[in-house]
């Protein structure tokens with residue numbers, strides 16, 4: 001069993017991709033996370049109900065909009081990357097480039113449609129999570145600035161996902177490292193007015209994010225051309241000229257992925273709204289704990305992304321039996337990684353509010369610590385679900401089943417439980433979180449049965 005699980009060839013293939021992707025996910029998350037941390041050191045006169053800095057709440061709530069946009073990009077790029085990976089495995093570079101072009105078109109349209117309403121209705125968006133006028137004003141101002149970066153974020157996300165689908169992770173990770181460093185330095189200059197720059201506070205964090213996103217997109221394109229990536233060496237028409245049936249096949253597979261991500265995002269928004277009914281501090285604590293949890297999920301986000309690439313290449317090459325065998329290894333490995341992550345996350349939970357974020361009140365420190373421990377408990381189930389949906393089922397083109405499972409459990413189980421425990425019973429915030437986590441448990445059971453059946457495997461590149 002141990003020899004079978006730790007097959008050297010399998011682990012090498014996963015590790016070569018998973019480690020760089022995990023690092024890149026950390027870096028991508030840090031771009032938003034750094035803003036949260038650094039604005040917590042701004043001395044604002046207005047405070048929340050428990051005396052906390054409103055800057056933390058403002059940036060956290062605005063970050064929910066960015067989170068929603070990122071999930072839209074995940075849906076578009078993941079759906080298109082299914083085709084890129086399978087075409088690459090089938091040695092069909094022409095159609096792989098077309099899939100990249102389709103991803104860029106989708107990301108650009110999504111960014112443009114997202115930016116305008118976000119910019120116009122920023123106040124209303126922040127007001128969805130809090131009624132505190134100081135938080136609304138500050139959060140809306142920050143949100144308007146970062147919304148301008150969405151087009152550049154879409155380009156970067158689309159190209160980065162396409163590169164990973166052909167096992168090229170060096171360029172995206174190099175660009176991400178530079179972007180995080182640039183964002184951190186600019187944050188220091190613009191938030192606190194250092195080295196001759198104006199002291200802009202929260203708006204400085206937004207401007208730093210905007211500049212770093214523009215530089216990140218430009219640098220990624222330059223490096224792809226400089227190092228002659230196979231996805232960047234074609235002529236322009238090769239990316240945006242589609243044969244009959246191509247867009248139809250791509251849309252049939254991609255739309256459920258987009259629907260999955262957006263349906264899940266709206267569910268998370270519903271969760272945020274439930275926590276908002278418990279107070280601004282409860283909603284802020286939930287937002288922070290989810291971001292901390294995400295940092296501990298990057299290990300299996302990395303392995304799930306590596307899984308999607310390897311499985312897509314394997315299925316595209318027609319090696320179905322190998323795909324089935326490796327899917328079992330991946331699910332066991334995912335659970336092992338998640339258990340380790342859960343233990344570490346639970347042990348160091350008190351460090352976040354006490355030493356990393358400038359949380360000054362004992363009450364808020366306790367809320368955040370308890371919530372982080374609760375998120376740690378759910379990590380093994382989330383690992384199964386992420387690897388099952390994002391890694392295996394999507395790479396195999398089983399996007400309809402994965403969509404109905406993911407959204408169905410959320411809206412049929414999770415949301416009703418959240419409303420009853422949070423809105424009706426008004427239980428303490430950590431109890432509400434643990435009750436809604438039952439949907440992750442149910443979902444993981446359904447996914448394990450689906451993977452075991454082998455019905456998730458399809459070669460989507462075959463013409464129907």
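The values are calculated or read from the model by the stated rules, or taken from the named source; none is laboratory data. If you're wondering where the values come from, they're calculated on a predicted model, not measured in any experiment. Ideal geometry is used to build each Cβ from the backbone, glycine not excepted, and the neighbour counts take in all protein chains shown.
Summary of values
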read-out	value
Scope the stretch 409-433; condition surrounded by fewer than 17 Cβ atoms within 10 Å (Cβ to Cβ) and under 22 Å from the mean Cα position of the chain (by Cα); matching residues	411
Which numbered condition residue 219 fails, given (1) modelled with pLDDT of 95 or more; (2) crowded, with 21+ Cβ neighbours inside 10 Å	(2)
Residues satisfying the stated conditions in the stretch 348-366, i.e. in a helix (DSSP H, G or I) and buried (at least 17 other Cβ atoms within 10 Å of the Cβ)	352, 353, 364, 365
Residue count, the stretch 423-449 (criterion: touching a residue at least 40 places away in the same chain (Cβ under 8 Å), in a helix (DSSP H, G or I) and under 14 Å from residue 374 (Cβ atoms))	8
Positions within the stretch 423-435 being touching a helix residue (DSSP H, G or I) at 6+ places or on another chain (Cβ under 7 Å) and under 20 Å from residue 366 (Cβ atoms), in sequence order	427, 429, 430, 431, 432, 433, 434, 435
From the options 375, 405, residue that is within 28 Å of residue 83 (Cα to Cα), surrounded by 17 or more Cβ atoms within 10 Å (Cβ to Cβ) and within 20 Å of the chain's Cα centre (by Cα)	405
Residues being buried (at least 23 other Cβ atoms within 10 Å of the Cβ) and free of Cβ contacts under 8 Å to residues at least 60 places away in the same chain - total across the stretch 174-189	1
Boolean, residue 369 is more than 21 Å from the chain's Cα centre (by Cα) and assigned to a helix (DSSP H, G or I)	yes
